[in-house]
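Input: a single structure, listed below in structure tokens.
The values are calculated or read from the model by the stated rules, or taken from the named source; none is laboratory data. A quick note: this is a predicted structure, and the numbers were derived from the prediction, not measured. In this analysis, Cβ positions are derived from the backbone assuming ideal geometry, glycine residues included, and neighbour counts consider all displayed protein chains. Calculation scope for accessible area: heavy atoms of the full protein, side chains included, ligands and nucleic acids excluded. Shrake-Rupley method; radii C 1.70, N 1.55, O 1.52, S 1.80 Å.
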Amino acid sequence: MNIRSKIHNRQKGFSLIEVLVALSIGVIIMTAFIGLGSYSGSQSAVTNAAYDVALLIREAQARSVGTVGDAAGADFTSGYGVYITTASSKVLLFRDSNSNDAYDTNETVVSTISIRNGTLWKQICGIPSGGGSQICNTTFSIVFHRPNTDAVMKLSGTSLSLVNIQIQNTSGVYRTIEANVVGYISVIDDTLN
């Protein structure tokens with residue numbers, strides 16, 4: 001027998017067992033990555049919604065100290081604020097034309113965002129300005145007046161010194177938007193606590 005016939009008699013390729021083992025390892029790895037991807041996607045939707053709300057509050061703050069007047073360009077005295085109600089997915093940026101530090105239906109709505117992609121309000125809670133224990137309710141307004149960046153915050157009519165607005169998804173992942181009277185606004189990743 002020569003060398004050529006020995007090479008031709010050898011089997012080429014993988015056995016059936018080797019192929020099945022390789023495929024099962026691949027399926028296990030893919031399943032792990034797909035599971036992580038859906039969890040990561042739900043986390044990013046909540047994080048994006050929280051940052052959208054925080055940026056809208058920051059926009060109200062910037063408009064109050066900026067040079068944006070009303071449609072006629074004459075009213076530079078009105079403050080700007082954000083209104084949230086847990087009964088709606090919409091968040092309103094409004095001009096507080098009557099200076100009552102709260103949203104009324106006759107206020108000018110400057111812009112609106114909606115929390116979406118399976119996100120919803122978890123709760124809105126705050127610490128009253130005079131101190132005391134935390135209160136929670138369903139409607140919240142934060143208003144900024146010229147010429148400073150300090151906030152006037154009201155949770156169903158009660159003045160606050162600090163507010164925590166929580167947004168969650170259907171999986172229970174949530175983020176907290178925190179704001180205080182000196183105008184500090186942040187998004188807290190609650191998974192790190």
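Here the strands (runs of 3 or more DSSP E) wholly within region 79-140 that include at least 1 residues being closer than 17 Å to Ser161 by Cα and at pLDDT 90 or above are 79-85, 119-128, 135-137.
Scanning for something among the polar types (S, T, N, Q), open to solvent by less than 60 Å² (accessible area, probe 1.4 Å) and either modelled with pLDDT under 85 or touching a strand residue (DSSP E or B) at 6+ places or on another chain (Cβ under 9 Å) (or both), does region 5-28 turn up at least one residue? Within region 5-28, one or more residues are among the polar types (S, T, N, Q), open to solvent by less than 60 Å² (accessible area, probe 1.4 Å) and either modelled with pLDDT under 85 or touching a strand residue (DSSP E or B) at 6+ places or on another chain (Cβ under 9 Å) (or both). When region 178-193 is filtered for residues that are part of a strand (DSSP E or B) and free of Cβ contacts under 8 Å to residues at least 40 places away in the same chain, the ones remaining, listed by number, are Glu178, Asn180, Ile188. Restricted to region 104-137, and to residues there that are open to solvent by less than 50 Å² (accessible area, probe 1.4 Å) and hydroxyl-bearing (Ser, Thr, Tyr), the residue that is farthest from Tyr83 (Cα to Cα) is Thr119.
In region 153-177, what residues are under 14 Å from Tyr103 (Cα atoms) and either open to solvent by less than 40 Å² (accessible area, probe 1.4 Å) or touching a residue at least 60 places away in the same chain (Cβ under 8 Å) (or both)? Selection gives Met153, Leu155.
Any residue that is farther than 30 Å from Gln43 by Cβ and part of a strand (DSSP E or B) - is there at least one of those in region 147-157? Yes; the residues of region 147-157 include at least one that is farther than 30 Å from Gln43 by Cβ and part of a strand (DSSP E or B).
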